[in-house]
Amino acid sequence: MTEQRNVVILGSGPAGYTAALYAARANLKPLVLKGLEAGGQLMLTTDVENYPGFPDGIMGPELMEAMEKQAARFEAEIVAQSATRVDLSERPFRVWAGDQEWRAATVIVATGATAKWLDVPGEERLRGRGVSACATCDGFFFRDRDLVVVGGGDTAMEESNFLTKFAKKVSIVHRRDEFRASKIMQDRALSNPKVDVIWDTEVDEVTGDDAVTGVRLRNVRSGDVTDLATDGVFMAIGHTPNTQLFQGQLQLTKTGYIVIEEPTTKTSVPGVFAAGDVTDSIYRQAVTAAGQGCKSAMDAERFLEHEAQAGR
């Protein structure tokens, strides 16, 4: 028997869990398909010190567990499955997780984005121990240290400049002999006395036992391999929004992010809302994702209210 729900929330993390909390408190009894790897990118973060209300910081997984418990307290139903297929062509919308199907009066998409990684030895093992994909989240922990930033776009320039607020030195490792970044962003980075650039070079390995101690570099022209001592490696090679399920169904940007009707969370399909990093290629912070999660639940509630008043 196919169940029908007022709200089905796809994904967890700060956006999904905040949407669930607000929808549950509005007595909409939301269903959350939190995914098999729930909690979003904060599950890869050790100390979170920039989320309001935690003066001593909090572990990323601990924060996500607390958010999930808070949503569940108000009777959000949270299921450890990922949506495998959606049909947004007509209402009620149809959502599948494996063989199980739900019908949804509204859908909130909070599937997030995934940082791009190099997939080199040592990288995964040392994530959260010196390997990061978020300078804003983790830069503070590297005061007076030497750091490496990998990338050549605007994100790499921005993260490098930001990290110089804390680091003693930042080395940008780029596989080409010129940056893709905009001229103004390049100029800011290259004029910063704390930043230097290692051109035509790729990272072959991240080294260290319990924490990052260095990187093994390979010059793409000469093939020469060198070791560079460093205390942290920041990947700035972009993010991939988790929107594969919605291609051809929702309006997406060229880079795959869901287009929303600012300042709301409305997507191109009435009754479908989106929140968090799946819409956001700029800020990508837990607190901004949570804020959008709140807005998406309120948008869904108002949508359902309007329909009820119209007698639909």
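The values are calculated or read from the model by the stated rules, or taken from the named source; none is laboratory data. Since the structure is predicted, the reported quantities are computational estimates derived from the model, not experimental observations. Note that we place each Cβ from the backbone using ideal geometry, even for glycine, and neighbour counts take in every protein chain shown.
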Within region 175-204, tally of residues that are basic (Lys, Arg) and surrounded by 13 or more Cβ atoms within 10 Å (Cβ to Cβ): 4
Only one of 28, 10 that is at pLDDT 95 or above and under 23 Å from the mean Cα position of the chain (by Cα): 10
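Is it the case that region 94-101 has a residue that's in contact with a helix residue (DSSP H, G or I) (Cβ under 9 Å, 6 or more places away or on another chain) and assigned by TED's automatic domain parsing to the domain that holds residue 260? Explain how you work it out, then say what you get.
So in region 94-101, the residues in contact with a helix residue (DSSP H, G or I) (Cβ under 9 Å, 6 or more places away or on another chain) come out as none.
Taking every residue of region 94-101 in turn, none turns out to be in contact with a helix residue (DSSP H, G or I) (Cβ under 9 Å, 6 or more places away or on another chain) and assigned by TED's automatic domain parsing to the domain that holds residue 260.
Being of a type outside the set (Gly, Ala, Ser) and under 18 Å from the mean Cα position of the chain (by Cα) is the filter; apply it to region 127-149 and report the residue that is surrounded by the fewest Cβ atoms within 10 Å (Cβ to Cβ). It would help to see each step written out before you state the result.
Of all residues in region 127-149, those of a type outside the set (Gly, Ala, Ser) come to 127, 129, 131, 134, 136-138, 140-149.
From the residues that got through so far, the ones that are under 18 Å from the mean Cα position of the chain (by Cα) too are 127, 131, 134, 136-138.
Details: 127: 20, 131: 25, 134: 20, 136: 15, 137: 23, 138: 23.
Only one residue tops the list, namely 136.
Can you name every residue in region 264-278 that is in contact (Cβ under 8 Å) with a residue 24 or more places away in the chain and either in a loop (DSSP other than H, G, I, E, B) or surrounded by fewer than 23 Cβ atoms within 10 Å (Cβ to Cβ) (or both)? Don't jump to the end; show me each part of the working.
Pass one, region 264-278, residues in contact (Cβ under 8 Å) with a residue 24 or more places away in the chain: 264-267, 269-278.
Within region 264-278, 264, 265, 266, 267, 269, 270, 271, 275 qualify.
Restricting attention to region 189-239, and to residues there that are assigned to a loop (DSSP other than H, G, I, E, B) and touching a Leu at 6+ places or on another chain (Cβ under 8 Å), which single residue is modelled with the lowest pLDDT?
Kept after step one, since they are assigned to a loop (DSSP other than H, G, I, E, B), are these residues of region 189-239: 191-194, 199-200, 208-213, 220-224, 230-231, 236-238.
Retained after the next criterion (residues that are touching a Leu at 6+ places or on another chain (Cβ under 8 Å)): 208, 211-212, 230-231, 237.
Working: 208: 97, 211: 96, 212: 98, 230: 98, 231: 98, 237: 92.
By that ranking, first place goes to 237.
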Hits in region 165-177 (condition: farther than 24 Å from residue 119 by Cβ and in a loop (DSSP other than H, G, I, E, B)): 165, 166, 167, 168
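In the list 167, 156, which residue meets the criterion of being in contact with a Gly (Cβ under 8 Å, 6 or more places away or on another chain) and not basic (Lys, Arg)? Break it down into steps so the answer makes sense when it comes.
Values: 156 fails: in contact with a Gly (Cβ under 8 Å, 6 or more places away or on another chain).
Only one candidate qualifies: 167.
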